[in-house]
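One structure is given below, encoded as structure tokens.
The values are calculated or read from the model by the stated rules, or taken from the named source; none is laboratory data. On a predicted model such as this, the values are computed, not experimentally measured, just so you know. Note: ideal-geometry Cβ built from the backbone for every residue, glycine included; neighbour counts use all protein chains shown. Heavy atoms of the whole protein, side chains included, go into the accessibility calculation; ligands, DNA and RNA do not. Shrake-Rupley method; radii C 1.70, N 1.55, O 1.52, S 1.80 Å.
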Amino acid sequence: MELAPKYDPSIVEDKWYSFWMKNGFFHSEPDDREPYTIVIPPPNVTGVLHMGHMLNNTIQDILVRRARMQGKNAEWLPGTDHASIATEAKVVAKLREQGIDKTSITREEFIKHAWDWKEKHGGIILEQLKKLGASCDWERTRFTMDEALYDSVISVFIDLYNKGLIYRGVRMVNWDPKALTALSDEEVIYKEVNSKLYYVRYKVEGTGDEWLTIATTRPETILGDTAICVHPEDDRYRHLKDKKVLVPLINRAIPVIYDEYVEREFGTGALKVTPAHDINDYNLGIKHKLPVIDTFNADGTMSEAAQLFIGEDRFVVRKKITEALKENGHIVKIEEYTNKVGYSERTDEVIEPRISQQWFLRMKEMSKPALELVEKDAIRFHPAKYKNMYRHWMENVTDWCISRQLWWGQQIPAFYLPNGEFVVAKSNNEALEIAKAKFPGSTFELTDLVQDQDVLDTWFSSWLWPISVFDGIRFPENPDIKYYYPTSALITASDIIFFWVARMIMAGWEYRRQIPFKDVYFTGMVRDRQGRKMSKSLGNSPEPLELIRVNGADAVRVGMLLCSPAGNDLLFDENLIEQGRNFSNKIWNALRLVKGWQVDENLVQPETNKVSIHWFNAILSEAIINLEEQFDKYRLSEALMTIYKLIWDDFCSWYLEMIKPAYQQPIDKETYETTIRLLEKLVSILHPFMPFITEEVWHYIRERKENETIMYELLPGVLNREPELITKFAFAEDVITQIRTVRKEKNIPFKDPIRLFIKKNYNEQPDTTLDGIVSKLCNISELGYIDEKIPDSISFIIRNTEFYIPITQNIDIGAEIAKLEEELNYTRGFLQSVGAKLENDKFVSGAPEKVVDAERKKKSDAEERIHVLEEQILGLKGGK
């Protein structure tokens, strides 16, 4: 096959993805191999690919592809989340465009519209992931509203209700006025905002001109006040016991109450109590038996109970009521104030505390085993620092509000009866049977039953995801769940550690007495180079598919990984994608170089080639050992850099140069075939990171069968560990680099051979293992060992060994002396700093022995180097 002069990812990537799909290489079925399972964190069905998805799914693909190449039966199960709030908003908007109001159609009609929208627009993101090279088992794609998953959610609700863990109650909840639904505490994002603190005075009833001043950030809620609360030990307000004050503008009399909850130092020390619109006020109201006046409608407009500004938006009213309070003499002052305000995680709307009847799941008991599993590392967090965050939340967990006032989702299986009671059942027929058994003598009929209109929180389906995708709730002994569960790893963002990770651990223990996954790898947030969160409004969020189109998926994957330490935010830099593209070109050019050599089967393998191969196998073995450790610790960026350096530096820059035949000369068969095998091993190791180019190169390396793929090649193992040879070559590398520097500085062309002499240290026996390689790479005509320095030569020192290159032309002696003296001064300074450290008794007695020994070695080396430099300077000056 003829090799193209340039690597073109646009042709290669589509070709190989189609090949993989056509041959079903991503599909898995249970067998006798060790399973390796990842379930994709299901993106919203409304979603499109963004940079966070790119990072997360690149990491998942790397782990899955590596597992296949370890001989494991890898299953990466994809799917999407029905995303109740986001999807319903999309469907409502679509209907509005068609002139249809949601309230004018039935629930069944709305659900049909939602499914139509899903079929047309949903799943786009999964198609986009294919461009990234995601090797998901597409035949097993799941959706959280699929029949099996829907039924699983309903079954779990009924089970937990029957266990007494789910209950219905009136509580203050987080209300989203835009989505018109309750939210759990975890779905509220608190942002620091610049607000105003309004000091408002209330007239004390029955007095001439006595006023009580409070401070509030929300003057629009004044109309719902039912008390003013002060601290019982606050002398300023003792005289107001049993008094009442008048609510400004509407003159409703409300009591002054006393409670230690009040902070005397904040504001005026007097607190307005509005039980309908603040969780703390709500609790005070319960304690002091205060009435509740809800002045807001569900959409955040003022209700009739407010008496004023009825039907107007809460934030419009904030401005209007401030003016009205000023006009009526109630505003004392207004100060700038910074506070935290809760926003809906889904709609970015300011949350309104609201008293509402909702369904809740008790979390205290379920959280205990879930916390213990992480504490004892049955589930490992990477990085481990997230254990602290997890522990804090689990030890302070509150009951989970699981009902949502929406139509799109799993409808709560509660059926209300004419007598005001309800029953929980899978169907209305089953509900009728339960109702008749619960209330003997009742004459209920099917038409009497009314199902709860609310749906369950989307996370209530997501928390079952690792189990329900294998149908493990409905059929707990089926072959898939028994084989693939627990899954191997979860790759997710740290911001959903409570929404999802913790709850999956709870569900896994509740329904299988097993962990849901063995490892959790937390990715950071993708930010721009300035550390800003990526957003369309800032114009700093690149289009992922465009990046892939221009650079190729492999280059994008490498670029993402190079700046992605586990658990830390990724400062995205498009220059790193260019680095990934350059890496592709480097690999391609290496292939073209090797495949372009002529092979002479009669040539004897040179000794230098044997040594080169021996060295590279040792380097490769060390890299494989390092990779095992890096993957075990989920240091994937480090793993990529290990492979990157192995290929770019060790293979391309050194090994190929070491074994490369002279211009237009053939190479021996043994070296060629070994080099081909080494290249195969390298692309195998790289394949999980760069799947497309490695498949392409692997097929060019040698003839393959029609349906062969690199995907199922076993990763190479450790051949030989020879740290001494690696150390020797590192020394030779320094020598070669220095000789090249000398040639460059002295303008000695490479085509001109030079002689090199090495001064032995203390009558030592020379090690000539790598002399042939040094001679070849530096065009040395004579390499010898000497006991005395050579006059009229260029000299340099590598690790206390002196090297001499006899000169055949005039050199600037003064410049050489100046250079050596500069190095001498630096080394003396270094010796001084090391000596100071070793003279410090605290350091010598307190530091580990290895550290102290290393410092002593530095001191000894520096002293020896100073001696050698002084000798060289003396020689150049003509001294003895």
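Results, tabulated for the structure shown:
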{"item": "Per-region count, the range 402-414, residues open to solvent by 10 Å² or more (accessible area, probe 1.4 Å) and hydrophobic (A, V, I, L, M, F, W, C)", "result": "1"}
{"item": "Options D632, D649: the member that is of a type in the set (D, E, K, R) and under 23 Å from the mean Cα position of the chain (by Cα)", "result": "D632"}
{"item": "Criterion: modelled with pLDDT of 95 or more, closer than 21 Å to L63 by Cα, open to solvent by 50 Å² or more (accessible area, probe 1.4 Å) and not hydroxyl-bearing (S, T, Y) - qualifying residue of N626, N568", "result": "N626"}
{"item": "Residue ranges of helices (runs of 4 or more DSSP H) in the range 51-145 with at least 1 members touching a strand residue (DSSP E or B) at 6+ places or on another chain (Cβ under 9 Å) and closer than 30 Å to P35 by Cβ", "result": "51-69, 124-132"}
{"item": "Residue in the range 4-14 that is among the hydroxyl-bearing types (S, T, Y), under 17 Å from Y712 (Cα atoms), open to solvent by 10 Å² or more (accessible area, probe 1.4 Å) and part of a helix (DSSP H, G or I) present", "result": "no"}
{"item": "Top-ranked residue of the range 789-828 - restricted to ones that are of a type outside the set (D, E, K, R) and under 45 Å from the mean Cα position of the chain (by Cα), ranked as surrounded by the most Cβ atoms within 10 Å (Cβ to Cβ)", "result": "T827"}
{"item": "Residue that is nearest to the chain's Cα centre (by Cα) [pool: residues in the range 316-325 that are free of Cβ contacts under 8 Å to residues at least 40 places away in the same chain and within 15 Å of K196 (Cβ to Cβ)]", "result": "K319"}
{"item": "Only one of R635, R677 that is farther than 22 Å from N582 by Cβ and crowded, with 19+ Cβ neighbours inside 10 Å", "result": "R635"}
{"item": "Residue identified as open to solvent by less than 70 Å² (accessible area, probe 1.4 Å), closer than 21 Å to K131 by Cβ and of a type in the set (D, E, K, R) among R581, R557", "result": "R557"}
{"item": "Sole exception among (1) open to solvent by less than 30 Å² (accessible area, probe 1.4 Å); (2) touching a helix residue (DSSP H, G or I) at 6+ places or on another chain (Cβ under 6 Å) for G79, by number", "result": "(2)"}
{"item": "Cβ pairs under 7 Å, 6+ apart, first in the range 813-824 and in a helix (DSSP H, G or I), second open to solvent by 60 Å² or more (accessible area, probe 1.4 Å) and not charged (D, E, K, R)", "result": "none"}
{"item": "Residue that is nearest to L640 (Cα to Cα), among those in the range 48-76 that are open to solvent by 20 Å² or more (accessible area, probe 1.4 Å) and out of contact with any Ser or Thr (no Cβ under 8 Å at 6 or more places or on another chain)", "result": "R66"}
{"item": "Residue tally, condition buried (at least 17 other Cβ atoms within 10 Å of the Cβ) and part of a loop (DSSP other than H, G, I, E, B), over the range 306-316", "result": "1"}
{"item": "Residue in the range 704-711 that is among the β-branched types (V, I, T), buried (at least 17 other Cβ atoms within 10 Å of the Cβ) and either part of a loop (DSSP other than H, G, I, E, B) or at pLDDT 95 or above (or both) present", "result": "yes"}
{"item": "Residue within the range 236-254 that is surrounded by fewer than 21 Cβ atoms within 10 Å (Cβ to Cβ) and closer than 19 Å to P177 by Cβ present", "result": "no"}
{"item": "The listed residue being under 30 Å from C652 (Cβ atoms), at pLDDT 90 or above and in contact with a helix residue (DSSP H, G or I) (Cβ under 9 Å, 6 or more places away or on another chain), out of L831, L824, L770, L838", "result": "L770"}
{"item": "Boolean, S303 is surrounded by fewer than 19 Cβ atoms within 10 Å (Cβ to Cβ) and either of a type in the set (S, T, Y) or under 12 Å from T221 (Cα atoms) (or both)", "result": "yes"}
{"item": "Flag for G539 being open to solvent by 30 Å² or more (accessible area, probe 1.4 Å), at positive phi and modelled with pLDDT under 95", "result": "yes"}
{"item": "Residue match in the range 664-675 (condition: farther than 28 Å from A555 by Cβ and among the basic types (K, R))", "result": "yes"}
{"item": "Selection within the range 715-742 - in contact with a helix residue (DSSP H, G or I) (Cβ under 8 Å, 6 or more places away or on another chain), open to solvent by less than 40 Å² (accessible area, probe 1.4 Å) and over 30 Å from E680 (Cβ atoms)", "result": "V735, I739"}
{"item": "Number of positions in the range 488-522 that are part of a strand (DSSP E or B), at pLDDT 90 or above and not basic (K, R)", "result": "10"}
{"item": "Residue match in the range 459-467 (condition: in contact with a strand residue (DSSP E or B) (Cβ under 7 Å, 6 or more places away or on another chain), modelled with pLDDT of 95 or more and not hydroxyl-bearing (S, T, Y))", "result": "yes"}
{"item": "Test: residue in the range 19-39 that is open to solvent by 10 Å² or more (accessible area, probe 1.4 Å), closer than 26 Å to N585 by Cα, part of a helix (DSSP H, G or I) and not hydrophobic (A, V, I, L, M, F, W, C)", "result": "no"}
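Conditions tested, residue by residue: (1) under 30 Å from T709 (Cβ atoms); (2) at pLDDT 95 or above.
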site: G122; (1), (2): no, no
site: D137; (1), (2): yes, yes
site: T141; (1), (2): yes, yes
site: E147; (1), (2): no, yes
site: S152; (1), (2): no, yes
site: K163; (1), (2): no, yes
site: N174; (1), (2): no, no
site: I189; (1), (2): no, no
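Each row is one residue, and each column tells you yes or no for (1) open to solvent by 30 Å² or more (accessible area, probe 1.4 Å); (2) under 26 Å from G47 (Cβ atoms); (3) more than 26 Å from the chain's Cα centre (by Cα).
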{"position": "L95", "(1), (2), (3)": "no, yes, yes"}
{"position": "D151", "(1), (2), (3)": "yes, yes, yes"}
{"position": "V156", "(1), (2), (3)": "no, yes, yes"}
{"position": "V170", "(1), (2), (3)": "yes, no, yes"}
